[in-house]
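The values are calculated or read from the model by the stated rules, or taken from the named source; none is laboratory data. Quick caveat: nothing in here was measured; it's all calculated off a predicted structure. As a convention, Cβ positions derive from the backbone with ideal geometry for all residues, glycine included, and neighbour counts pool all protein chains shown.
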Amino acid sequence: MIKILNSILLAFVLFSISGKAQTGSGYSFTHFNLSNGFPAQYVYGMECDSIGNMWAITDKGLMCYNGHSGKFFDIKSKDTTLAKGRPYALYIDKRGDLWIGFVAPYVTHFNPKTGKATQYYHNPNDAGSFPDAMVSMFYEDSQGRFWIGTWGGGLCQLDLSTKKFKRYKSEHGNFSTLQSTNAVSITEDIDGSLIIGTWEGDGFENFLTILILKQKNFLFQHG
């Protein structure tokens, strides 16, 4: 429900910055919809890149809004079809590449400079593949390590050189592991440790987890 509400709000913000109507405060708005250039009905996530392009994951796939031309572009990969399915999470890394997570257990890495898309799928016979879970969020830390939080698969780290995933064990009651398979938020503290928010739902004990990367230990705070 939270994600659905976020999707509605994102769609409203996208439309509100887009035809032009003058308000009493002097602001102007350009409204985009299916009749005048916006090619989708639903927006599930948006990110702005370093050169001002606004990227959006929608019910019609990946879109890019170019503020200079005032147009939306439906993005197609040059050499690999972008994964089909219901997108859920969008992230732009430090290189300007896009990462798209889906409700189904796979991830798309898209390089907008080359148009190349790489898919990462779950393989039950490969422990180094993406877990059988839905992406909740992406995070690149200060050391360039790439993390993915999931619904149902906990926390995992992608080695960008080997393209293999390291999955961090989740076992409720074992305080040397994450306490939930639902890692829904990730950030980094001043010491370079990861802070991971997990959620089991209303009425359950939820945790804020600190992962000290130098020691590879988990410390727990209850929240």
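State which residue is modelled with the lowest pLDDT when the search covers only segment 158-205 and only residues that are among the polar types (S, T, N, Q) and out of contact with any strand residue (DSSP E or B) (no Cβ under 8 Å at 6 or more places or on another chain). Looking at the filtered set, the residue picked out is ASN174.
For segment 80-124, which strands (runs of 3 or more DSSP E) that fit wholly inside it have 2 or more residues that are exposed (fewer than 14 other Cβ atoms within 10 Å of the Cβ) and out of contact with any Gly (no Cβ under 9 Å at 6 or more places or on another chain)? Please lay out each step first, then the result.
Values: elements: 87-92, 98-102, 106-111, 116-121.
Answer list for segment 80-124: none.
Only one of the numbered conditions (1) in a loop (DSSP other than H, G, I, E, B); (2) modelled with pLDDT under 75 is not met by LEU208, and that is (1).
Restricting attention to segment 119-129, does a residue exist that is charged (D, E, K, R) and at pLDDT below 95? The answer is no; no qualifying residue exists.
Residues are listed down the side, and each one gets a yes or a no for (1) closer than 15 Å to TYR91 by Cα; (2) in contact with a Ser or Thr (Cβ under 7 Å, 6 or more places away or on another chain); (3) buried (at least 21 other Cβ atoms within 10 Å of the Cβ):
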| position | (1), (2), (3) |
| --- | --- |
| SER142 | no, no, no |
| PHE146 | yes, no, no |
| ARG167 | no, no, no |
| ASP191 | no, no, no |
| GLY197 | no, yes, no |
